[in-house]
Amino acid sequence: MEAFAGRSRVVIESVQPELDGGRFPIKRIVGEAVSVEVDCFCDGHDLVRGVLLFRHSSDAAWSESELTPLRNDRFQAEFVVHRIGLYAYTIQAWVDRFGSWNRDMQKRIASDLDIELHLCVGIDMVSEALQNASRDDRAWLEMQIDQMQGHRPIEERLRTACHATLADRMRSITPREFSSQYERELSVVVDRQRARFSTWYELFPRSCGNERVSDGPLVHGTFADVESQLPRIAKMGFDVLYLPPIHPIGLAFRKGKNNSTTATESDVGSPWGIGSADGGHLAIHPELGSIKAFQGLVKSANDHGIEMAMDLAYQCSPDHPWVKEHPSWFRRRPDGSIQYAENPPKKYQDIYPIDFESEDWQSLWRELANVVFYWIEQGIHVFRVDNPHTKAFLFWEWMIKEVKSKQPDILFLAEAFTRPKVMNRLAKIGFSQSYTYFTWRNTKQELTDYFTQLNQSELKEYFRPNVWPNTPDILPEYLQFHGRPGFVIRLVLAATLGANYGIYGPLFEQCVGEPVAFGKEEYLDSEKYQLHRWTIDGPHDISDTIAHVNRIRHNNRALQSDHSLAFHETDNPELICYGKHDRETGNRIIVVVNLDPRHAQSGWIELELDEFGIRDSDRYHLVDLFGGGNYCWQGRRNFVMLDPKISPAHVFLVRHHLRTEHDFDYFL
């Protein structure tokens, strides 16, 4: 038994945030605060004091922040994370003997009880503190003891004994005798700013070679063609450019156009069928260019303020070198053939999934991690991970920790449109960002419920949403039937509900919504299986609108984080209203969106003005950053009307209060 274990009286429990009993870390961004609440109490009526202990993994000593009482034995403290990497935090608490004595002494004085003996107890405590005091503190304490002695008037003695300065000095000097420490050290993974705020653009490099040619045979694009797109992408305000797999594509069972199982010689196949005689996950498709050309693309993107994100797809075509070199990494059927990927009734004959139950799993894990380290050496620090929910959780937990222990700035986006518990587990084990169900949330109630859950439940501690209205795999019904207004509505929602959002680029820009068949959420003539010729600046082009929305995001700190999101009431279910704010800058945004892409909708919205520091009687100035115009509102209830054919949304910047009639007339 530890020396003082039996004399530690303080109970520490119900620490928040704490994920699964400390099994997983919470997440923060550099500069953010970690606010911790905890229950601390002891037997009897003594006061309890405590501290929140915290340190970065590179620090030898703990720093601390004093616990502040909230209510009913609940305490709170916080610390700010200033470096990327891993932080630890825990709680230490102890009985505050002098604080308890001070409180009881003041009760005795108020009740006119005998105080002489109790005062002597306090003098003894101060005398004991001399043993641990510095020379300056010792001289000051001796003076206080003298002023508390019996040769002075009682009023003077009590004034000294109960003075706040003495209580404060005693708190800093008195040893934390018999302190209790929380049984666990909890952890925080701290990422760079891009984990919290990013704007993604996805394109297929092989389709970039046909932009300037309106007809004739399609040609395979190169990294140089992608580089020519960078000024346009940067002008639209995107800071992450994500490319599907750039590796060699297998020939065996190659898929044809529209996912046909019969391919012709001219069919280019799916980039996710990785591996051929030209190499596997460490190689580049020969028609895209060389590794030197790829490195040049990464550098050029950085020069444009864009970070390249690479697709990490752990799967193989039948022609992948690993199939011959490491046959035990794949699962075999009774007839000896390797099991291809299936999601009945869908079949992916061109893809062999990796067997994470392989007896050679340790070599497999090391090789998969080496893939990431190789591309980090080529300048990639952001990975979009394909279908991580079909690979072992323990592998991801190990691999992400392994990578971030050496390169803590690396970010991983989980492309896992699957069951909620699976998505949550992936976020807990280390993925920096996660795809969401936004793609299928269309109504006011669906959006409100879902984003409230993401930002107000425990999910906010570890699940960072990255919001996409479309992907190469998913063309939702909403975009199939509602044309340009529908695309603009989903753009505004994605870009303002989520601090991280992205689009599957050229097809979203041109409002392409033709499905492969009625009732299917897949694109006709999908780029997943064939080269494509985009129509840039076509009749339905919304690239200027996209650029406008992204400028609003970059110019307003309120839209660069998620947890301040709050929804406001509307009396029309086709109108949704919500706000975000940034406490540091005072930046406040109110968004109103017409969810009906066909008809104008109007109604009354009711703001929670307390969140904006506005009184019910105040007039206030709003600037519509999206549709344009100045508005003067007063009170909680105000009227809006939005026509999706003109402007389906207001993105209001709350400028300031209008205190006088002159101010009100000026803005009208």
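The values are calculated or read from the model by the stated rules, or taken from the named source; none is laboratory data. Since this is a predicted model, take the numbers as computed values, not measurements. Note that each Cβ is placed from the backbone with ideal geometry, even for glycine, and that neighbours are counted across all protein chains shown. Areas reflect the complete protein model, heavy atoms only, side chains present, ligands, DNA and RNA absent. Shrake-Rupley method; radii C 1.70, N 1.55, O 1.52, S 1.80 Å.
Regarding Leu479, is this residue over 17 Å from Lys27 (Cβ atoms), open to solvent by less than 30 Å² (accessible area, probe 1.4 Å) and either touching a residue at least 40 places away in the same chain (Cβ under 8 Å) or assigned to a loop (DSSP other than H, G, I, E, B) (or both)? Here the answer is no, as Leu479 does not meet what is asked. Starting from residues that are farther than 26 Å from Arg490 by Cα and open to solvent by less than 40 Å² (accessible area, probe 1.4 Å), keep the ones in segment 613-668 and report whichever is modelled with the lowest pLDDT. Among them, the one singled out is Leu658.
Within segment 194-203, is there a residue that is surrounded by fewer than 21 Cβ atoms within 10 Å (Cβ to Cβ) and either at positive phi or out of contact with any Cys (no Cβ under 8 Å at 6 or more places or on another chain) (or both)? The answer is yes, given that some residue of segment 194-203 is surrounded by fewer than 21 Cβ atoms within 10 Å (Cβ to Cβ) and either at positive phi or out of contact with any Cys (no Cβ under 8 Å at 6 or more places or on another chain) (or both).
Which of the residues belonging to segment 390-446 are among the acidic types (Asp, Glu), open to solvent by 40 Å² or more (accessible area, probe 1.4 Å) and over 29 Å from Phe567 (Cα atoms)? Correct list: Glu402 only. Scanning segment 495-521 for residues that are part of a loop (DSSP other than H, G, I, E, B), in contact (Cβ under 8 Å) with a residue 40 or more places away in the chain and open to solvent by less than 20 Å² (accessible area, probe 1.4 Å) gives Gly498, Ala499.
If you check Ile109, Ile123 for being of a type outside the set (Gly, Ala, Ser), more than 27 Å from Ser180 (Cα to Cα) and either touching a residue at least 40 places away in the same chain (Cβ under 8 Å) or crowded, with 16+ Cβ neighbours inside 10 Å (or both), only one passes: Ile109. Looking only at segment 389-409, which residues are part of a helix (DSSP H, G or I) and acidic (Asp, Glu)? Across segment 389-409, the qualifying residues are Glu397, Glu402.
Are there strands (runs of 3 or more DSSP E) fully within segment 410-474 with at least 1 residues that are farther than 24 Å from Ile576 by Cα and touching a Leu at 6+ places or on another chain (Cβ under 9 Å)? List them. Walk me through it before giving the result.
On the way: elements: 411-415, 433-435, 465-467.
In segment 410-474, 411-415, 433-435 are the strands (runs of 3 or more DSSP E) which contain 1 or more residues that are farther than 24 Å from Ile576 by Cα and touching a Leu at 6+ places or on another chain (Cβ under 9 Å).
Can you pull out every residue in segment 158-178 that is in contact (Cβ under 8 Å) with a residue 40 or more places away in the chain and exposed (fewer than 13 other Cβ atoms within 10 Å of the Cβ)? Outline the logic, then answer.
First, the residues of segment 158-178 that are in contact (Cβ under 8 Å) with a residue 40 or more places away in the chain: 158, 161-162, 166-167, 170-171, 173-178.
Correct list: Pro175, Glu177.
With the condition kept exactly as written, say whether any residue in segment 561-570 is surrounded by fewer than 18 Cβ atoms within 10 Å (Cβ to Cβ), over 30 Å from Val268 (Cα atoms) and over 22 Å from the mean Cα position of the chain (by Cα). Yes, that holds for at least one residue.
Taking the condition of being open to solvent by 10 Å² or more (accessible area, probe 1.4 Å) and either in a loop (DSSP other than H, G, I, E, B) or among the polar types (S, T, N, Q) (or both), how many residues in segment 246-266 meet it?
Selection size over segment 246-266: 13.
Of all residues assigned to segment 381-388, at least one qualifies as being open to solvent by less than 40 Å² (accessible area, probe 1.4 Å), acidic (Asp, Glu), outside any helix (DSSP H, G or I) and within 20 Å of His281 (Cβ to Cβ).
Given the criteria farther than 30 Å from Gly273 by Cβ, touching a residue at least 24 places away in the same chain (Cβ under 8 Å), more than 28 Å from the chain's Cα centre (by Cα) and open to solvent by 10 Å² or more (accessible area, probe 1.4 Å), does Gly538 qualify? Walk me through how you get there before you give the answer.
Values: farther than 30 Å from Gly273 by Cβ: yes; touching a residue at least 24 places away in the same chain (Cβ under 8 Å): yes; more than 28 Å from the chain's Cα centre (by Cα): yes; open to solvent by 10 Å² or more (accessible area, probe 1.4 Å): yes.
Here the answer is yes, as Gly538 does meet what is asked.
Considered as a group, the residues in segment 1-53 that are part of a loop (DSSP other than H, G, I, E, B), among the aliphatic types (A, V, I, L, M) and open to solvent by 20 Å² or more (accessible area, probe 1.4 Å) include one that is modelled with the lowest pLDDT, and that residue is Met1.
Looking at segment 430-441, is at least one residue in contact (Cβ under 8 Å) with a residue 60 or more places away in the chain and more than 19 Å from Val190 (Cβ to Cβ)? Yes, segment 430-441 contains a residue that is in contact (Cβ under 8 Å) with a residue 60 or more places away in the chain and more than 19 Å from Val190 (Cβ to Cβ).
Annotation note: Cβ proximity below 6 Å between a residue of segment 84-96 that is within 23 Å of Arg192 (Cα to Cα) and in contact (Cβ under 8 Å) with a residue 40 or more places away in the chain and a residue that is among the basic types (Lys, Arg) and not in a strand (DSSP E or B) (sequence gap 6+ or interchain) occurs for Ile84/Arg192.
I need the full set of residues from segment 248-293 which are of a type in the set (S, T, N, Q), in contact with a Gly (Cβ under 6 Å, 6 or more places away or on another chain) and at pLDDT 95 or above, in order please. Selection gives Ser276 alone.
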